[in-house]
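Bear in mind these aren't lab numbers, they're just calculated from the coordinates by the rules spelled out. Owing to the predicted nature of the structure, the values given are computational and were not obtained by experimental measurement. Here Cβ is always computed from backbone atoms with ideal geometry, including for glycine, and neighbour counts include all displayed protein chains.
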Amino acid sequence: MLPFMPKPKTSPKQRNKSRRKAEPEVPGLTTKKSYWVSLVLVLAVVSVVFGLATGLDALRTAVLVAAAVVVVGCVGYVRVSPSSLSISKRATFLFMGMSIIGFSIWAAIVLVGGRVGFTEQVSNVLGSQFFAVTSLAMCLSAGAFIGELIGRNKEVQIRLFNTLDEKA
């Protein structure tokens, strides 16, 4: 190009065309409520079939189904519900709810139930290991759900993470 010739100008439209626009993220299958509802239903049916196939009585089968439904239902609720928190902060609430609240609920049931005689009666019917595992899974899931609900509270978010403006 000769030094006295003007440079060709590029219009703003041409510059924008060269940049790639970020495509909107397509929601995955696990973000749909229908997926989780169908998963819970299928898991309940499979648990009933498993319980019958292995010779579990009706009570043990019902406890097995309840444990599976509670765990998957809690995970589905957390996955589907939107949150304003970052993943790490949300995971903190879930972990604290599960480890502190959920375990405390389970320990209270086992200890108080042991004093009253409830735990011994249930353990005799279900089996001590079966009762311990299923009740722990349900209590930890309930604690995670409670932690999720606590994490939605704006006052708690302000106190723990200082994430929100004072005027909000």
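When the chain is fully extended, how far beyond the present Cα-Cα distance does Ile150 get from Ser38, taking 0.36 nm per residue of separation?
37.6 nm
Grab every C-alpha pair in the stretch 32-161, bin the distances at 5 angstrom width from 0 up to the longest one, and report whole percents.
2, 11, 17, 18, 17, 15, 11, 6, 3, 1, 0
What FRET efficiency, computed as 1/(1 + (r/R0)^6) with R0 = 25 Å and r the Cβ-Cβ distance, is obtained for Val80 and Ala107, rounded to the nearest 0.05?
0.25
Taking the Cβ of each residue in Ser88, Ser128 as the centre, tally the other Cβ atoms inside 10 Å and list the residues starting with the fewest.
Least to most surrounded, the residues fall as Ser88, Ser128.
Taking the Cα centre as origin and putting +1 on Lys and Arg beta-carbons and -1 on Asp and Glu beta-carbons, what dipole magnitude results for the stretch 32-161, to the nearest 20 debye? Present the calculation step by step, with values, prior to reporting the outcome.
Numbers: 10 positive and 4 negative charges, 114 e Å.
Dipole about the Cα centre, nearest 20: 540 debye.
Pop the C-beta distance of Ala66 and Ile158 into the FRET formula with R0 = 45 Å and round what comes out to the nearest 0.05.
The formula returns an efficiency of 0.80 here.
So if we plug the beta-carbon distance of Phe118 and Asp57 into 1/(1 + (r/R0)^6) with R0 = 22 Å, what FRET efficiency do we get, rounded to 0.05?
Numbers: r = 19 Å, r/R0 = 0.87.
The value I calculate is 0.70.
Please turn the phi angles of the stretch 44-54 into ³J(HN,Hα) values with the Karplus equation 6.51 cos²θ - 1.76 cosθ + 1.60 (θ = phi - 60°), one per residue in order, whole Hz, x for glycine and proline.
Result, rounded to whole Hz: 5, 5, 5, 5, 5, 4, 4, x, 5, 5, 8.
Using Cα pairs closer than 8 Å and at least 6 residues apart in sequence, work out the relative contact order for the stretch 32-161, in percent. Present the calculation step by step, with values, prior to reporting the outcome.
Numbers: 116 pairs, mean separation 40.5, N = 130.
About 31 percent, as a whole number.
List Lys33, Lys89 from most exposed to least, where exposure is judged by having the fewest other Cβ atoms within 10 Å.
Exposure proxy ranking, most exposed first: Lys33, Lys89.
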